[in-house]
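The structure appears right after this line, and notes come after that.
The values are calculated or read from the model by the stated rules, or taken from the named source; none is laboratory data. Computed from a prediction, not measured in an experiment: that's the story for all the values here. Don't worry about glycine lacking a Cβ; one is built from the backbone with ideal geometry, like all the others, and counts go over all protein chains shown. Side chains included, ligands, DNA and RNA excluded: accessible areas come from the protein's heavy atoms. Shrake-Rupley method; radii C 1.70, N 1.55, O 1.52, S 1.80 Å.
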Amino acid sequence: MAFENMLIVGCGNMTGAMLEGWLAAGLPRDKFTVVTPSRASVPGDVELLRDVPEGRHFDGVLLGFKPHMLADIAPTLQGVTGEATAVLSVLAGTELASLRRHFPQAEAVVRVMPNLACALGKSPVALAEDGLDDAGREDLFALMRHLGTPEWVAEDRYDLVTALAGSGPAFIYRFIDALGAAAVRLGLPEDQARALAIAMTEGAAALAAGSYHPPGKLADMVASPGGVTRRGLDVLDEEEALTRLVSDTLRAARDRSAEMAREARD
């Protein structure tokens, strides 16, 4: 399954970012067809249709609409989700068993969880599948590598990975915003505080990505004993304040993902 011919059903923020990432990586635009009733255009002047095409074969059908719409839309896709087709889903909380129920004739069903950085080729991409052979898994991995760093994830850990890799950017953006807001509160102009916070975060993330040191070690390397940075880290480290806050954040997001999965089963 070479994923040479892809149908994208719904082109919202996430699947739109995936399409941008694939095109930016050099994949040809005629590899993709988009079906969506709500957009006048899609990235890269890719073929845009209002209805599911009849009589055409697609190696992969990527679902990019709201999870609660699955029961209504799935029947319209039966003609393009038969043998030799994998159904790929970014629908939060929608388990492989549910996908298999809705697409019983598909060769494989796959859960895909990137984040919006896939448009830049810098997203983690969590993958879980049912029905792919070894060659299919390799082909899917190669397709997703254009979007960043794919990882096979056991489905019983998918809710936690969704919270970390899928929702995580929102938490990082909130932290960047908090750094800027705190600097404003302490006396910096707002525009300057925001620019410095974003530039600092970009550099720190790039260094962490390219370093053989773990992030915790990098933090200690910045902080001299008794110095400015160490005094700030003492606040974050006291009684594991930051770790406890982030644990509570991930737990809440993970539990909501699990709740959505339970709702989809009912």
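One table, with the values for the structure above:
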| read-out | value |
| --- | --- |
| Apportionment of accessible area to carbon and sulfur, the chain, percent (1.4 Å) | 55 percent |
| Net +/- balance of residues flanking ALA178 in space, Cβ distance below 13 Å, scoring K and R +1, D and E -1 | +2 |
| Charge-dipole axis of region 100-225 as Lys and Arg at +1 and Asp and Glu at -1 on Cβ define it, positive-most pick from ALA183, GLY216, PRO169 | ALA183 |
| Length-normalised contact order of region 100-171 in % [C-alpha pairs under 8 Å, at least 6 apart] | 33 percent |
| Where region 75-173 is the region considered: accessible area per residue in Å², 1.4 Å probe | 44 Å² |
| Region 74-145, dipole about Cα centre (Lys/Arg Cβ +1, Asp/Glu Cβ -1), debye to the nearest 20 | 360 debye |
| Förster radius 45 Å - calculated FRET efficiency between GLU239 and GLU4 (Cβ-Cβ, nearest 0.05) | 0.25 |
| Reach of LYS217 by Cα under 24 Å, taken over lysines that are not fewer than 8 positions away in the same chain | LYS122 |
| Proximal charge balance of SER167 [Cβ under 13 Å; K/R count +1, D/E count -1] | +2 |
| Lys, Arg +1 and Asp, Glu -1 on Cβ, resulting dipole of region 45-179 about Cα centre, debye, nearest 20 | 500 debye |
| Simple Cβ-charge dipole of region 113-228, Lys/Arg +1 and Asp/Glu -1, about Cα centre, in debye nearest 20 | 700 debye |
| Positive minus negative residues near LEU19 (Lys, Arg vs Asp, Glu; Cβ under 14 Å) | -1 |
| Charge dipole of the chain about the Cα centre (unit charges at C-beta), most positive-ward option of PHE58, ASN13, LEU91 | ASN13 |
| Distance (nanometres) between label positions extended 7 Å along Cα→Cβ at GLN78 and HIS57 | 2.1 nm |
| Region 1-78 - Kirkwood radius from inverse mean 1/r over Cα pairs (Å) | 12.8 Å |
| For region 228-258 versus region 1-27, the gap between their alpha-carbon centres in whole angstrom | 35 Å |
| DSSP beta bridge pairing in the chain, given as percent antiparallel to the nearest 5 | 15 percent |
| Accessible-area order (highest first, 1.4 angstrom probe) of the listed residues TYR158, TYR212, TYR173 | TYR212, TYR173, TYR158 |
| Residue-wise HN-Hα coupling along region 122-127, computed from phi with Karplus coefficients 6.51, -1.76, 1.60 (Hz; x: Gly, Pro) | 10, 9, x, 9, 7, 10 |
| Length-normalised contact order of the chain in % [C-alpha pairs under 8 Å, at least 6 apart] | 16 percent |
| Length-normalised contact order for region 127-211 - Cα pairs under 8 Å, 6+ apart - percent | 20 percent |
| Structure-based [θ]222 nm, the chain - -39500 (n - 2.57) summed over DSSP H runs of at least 4, per residue, nearest 500 | -14000 deg cm²/dmol |
